[in-house]
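Beneath this line is the structure, given in structure tokens, with notes to follow.
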Amino acid sequence: MEMKVVKFGGSSLADANQFRRVASIVKADPARRYVVASAPGKRFSDDVKVTDMLYNCYEMVRHGKDIGEYYQQICERYNSIIADLGLDFDISGELEYIRNAIEHYSGRDFAASRGEYLNSLILAKYLKFDFIDAESVIYFRENGTFDEEKTNTVMREELKKHQYAVIPGFYGVMPNGTIKTFSRGGSDITGSIVSRAAEAELYENWTDVSGCLMADPRIVENPLPIKTITYRELRELSYMGASVLHEDAIFPVRYAGIPINIRNTNDPSAPGTMIVSATSEYDSEHVITGVAGRRGFSVINIEKDMMNSEIGFGRRVLDVLEDNDISFEHLPSGVDTMSVIVSSAYLKDEFKKERILTSINKRVHPDSIVIEDGLALLAVVGRGMVKAKGTAARVFAAISNAGINIRMIDQGSSELNIIIGVEEHDLEKALTAIYKEFVK
Ligand code: ASP
């Protein structure tokens with residue numbers, strides 16, 4: 001029998017109405033056997049997510065404040081979901097236990113994780129599915145890293161015992177039995193882990209947007225949705241700021257070759273975006289799959305006559321960066337010039353900046369070295385670019401016709417992406433120009 005793992009984000013489970021939508025989606029397809037749930041998210045734009053409220057409770061206790069009244073608001077959120085759904089379910093004992101535990105310093109991660117724990121209990125009851133606590137199937141190592149093999153083995157066995165189940169997202173257990181969470185947005189990772197263990201045909205990730213878009217809708221008006229995207233393309237775009245999925249959520253399913261389908265709980269008939277590994281079955285519709293960009297980069301420009309014949313020049317420069325714990329983004333070079341592009345965040349500290357300049361001066365004795373801030377990088381991503389001739393020309397023409405100066409160009413050897421550096425204030429204009437060039 002076909003099997004799908006479905007994960008619902010916080011806004012999809014924010015109140016009873018959303019629970020109803022979720023139930024009708026799950027029940028519409030018997031293959032949707034394992035459901036991963038987030039904590040209740042925002043019901044309206046300035047609402048507060050339950051996870052944030054739980055973090056606040058933890059902080060209040062740490063500062064010796066009473067959480068009684070504030071915690072009551074969390075109880076009300078859950079109790080109103082239960083009451084509105086008409087469920088005969090009493091979680092007052094659970095709520096009481098959790099408040100007590102938070103008040104007795106049970107830890108920051110424990111507090112945060114209870115959002116998904118309680119929501120999943122309620123959802124399991126509502127769907128009449130079994131409940132599998134993540135703490136019995138998701139394991140971290142002593143050093144805090146995720147233990148994928150142990151998790152996969154234990155979870156696979158556990159899932160076999162349940163035909164239909166709800167599993168809370170976001171957390172697992174440390175070897176000493178304490179709760180640990182993934183980073184924020186981590187229920188996406190749980191969904192991916194469950195998909196791998198269940199050997200699912202598909203991982204459906206239900207959220208509040210109709211999939212990935214070809215460009216940021218805050219910059220480009222009504223960008224088209226992306227029907228299919230490869231894991232690698234998604235990595236490139238997410239790195240440049242396009243976010244729809246936690247970036248670590250890709251690895252477990254990618255490893256197992258399971259596609260991810262991003263879907264919209266509020267528009268269930270929309271096909272959403274398929275994230276796949278192979279490209280062959282899914283031809284891209286446009287030459288480019290998407291375009292995204294990010295501000296906040298700096299360039300270290302180094303010049304020295306005869307640099308090209310000086311063996312080890314590049315290594316010595318990069319050694320200085322390594323000694324200062326800096327990773328670099330790009331490394332365009334000329335015969336006598338080398339530019340290193342790094343995130344400006346590394347160079348915020350003037351003292352550190354000076355130290356780096358001094359060390360590079362000492363190590364390679366350049367004729368000149370300057371750091372320029374204010375660079376934005378944009379990535380034009382598309383598996384279709386390998387086959388299409390003249391894509392780079394079209395990208396550059398679009399940018400230059402918009403009156404924008406290009407400060408850097410880099411194309412990965414896989415021809416999957418073209419990276420362009422522009423002044424920060426030109427970023428939005430450049431993104432729009434490229435999008436318009438390829439999507440008519
Ligand atoms: N509830 C957690 C958060 O707000 C995890 C998640 O929703 O994925 O980050």
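The values are calculated or read from the model by the stated rules, or taken from the named source; none is laboratory data. The structure presented is a predicted model; accordingly, all values stated were derived computationally and were not measured. Here the Cβ is made from the backbone with ideal geometry for all residues, glycine too, and neighbour counts use every protein chain on show. For the accessible areas, the whole protein counts, side chains as well, though only heavy atoms, and no ligand, DNA or RNA atoms are used. Shrake-Rupley method; radii C 1.70, N 1.55, O 1.52, S 1.80 Å.
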Can you find, among Ser413, Met3, Ala292, the residue sitting farthest towards the positive end of the charge dipole of the chain, where Lys and Arg contribute +1 and Asp and Glu -1 at Cβ? Met3
Loop trypsin sites (Lys or Arg not before Pro), segment 224-264 (other Cβ atoms within 10 Å of the site Cβ: 16 or fewer; DSSP): Lys227
Hey, what do the phi angles of segment 239-244 turn into as Karplus ³J(HN,Hα) couplings, whole Hz, using 6.51/-1.76/1.60 and θ = phi - 60°, x for Gly and Pro? 4, 8, x, 7, 10, 9
Hey, what's the chain come to in accessible area per residue, 1.4 Å probe, Å²? 46
Picking from Val381, Met274, Ile399, whose Cα lies most toward the positive end of the charge dipole for the chain (charges on Cβ: Lys, Arg +1; Asp, Glu -1)? Met274
Filtered trypsin sites (Lys or Arg not before Pro), segment 288-361: DSSP coil and at most 16 other beta carbons within 10 Å: Lys348
Could you size up the charge dipole of the chain around its Cα centre, putting +1 on the beta carbon of Lys and Arg and -1 on that of Asp and Glu, and report it in debye to the nearest 20? 740
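Give, rounded to the nearest 20 debye, the magnitude of the charge dipole that segment 382-434 has about its Cα centre when Lys and Arg contribute +1 at Cβ and Asp and Glu contribute -1 at Cβ. Write down the numbers at each step before the final one.
Numbers: 6 positive and 6 negative charges, 75 e Å.
Charge dipole of segment 382-434: 360 debye, to the nearest 20.
Determine the order of Phe396, Phe8, Phe251 by accessible area, beginning with the largest, at a probe radius of 1.4 Å. Show your work: numbers first, answer last.
Values: Phe396 55, Phe8 0, Phe251 90 Å².
Ranked list, largest accessible area first: Phe251, Phe396, Phe8.
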Mind checking which aspartates and glutamates have their C-alpha under 13 Å from Lys65, skipping anything on the same chain fewer than 8 residues away? Glu103
Enumerate the lysines that Lys362 could reach by cross-link, defined here as Cα to Cα under 26 Å, with residues fewer than 8 away along the same chain left out. Lys304, Lys348, Lys352, Lys353
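Taking a 1.4 Å probe, which of Met1, Met385 shows the most accessible area, and what order do the others take after it?
Numbers: Met1 150, Met385 10 Å².
Largest accessible area first, the residues go Met1, Met385.
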Could you work out how far the C-alpha centroid of segment 319-358 sits from that of segment 249-264, in angstrom? 35
Taking a cut-off of 23 Å between Cα atoms, list the lysines near Lys161, but don't count ones fewer than 8 places away on the same chain. Lys4, Lys7, Lys27, Lys125, Lys128, Lys150
On alpha-carbon atoms, Rg over Rh for the chain using Kirkwood Rh? 1.03
Dipole of the chain (Lys/Arg Cβ +1, Asp/Glu Cβ -1, origin at the Cα centre): which of Ile360, Ile98, Ser210 lies farthest to the positive side? Ser210
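Where the only charges are on Cβ atoms (+1 Lys, Arg; -1 Asp, Glu), what is the dipole of segment 329-402 about its Cα centre, to the nearest 20 debye? Numbers along the way, then the final one.
Details: 10 positive and 8 negative charges, 96 e Å.
For this selection, approximately 460 debye.
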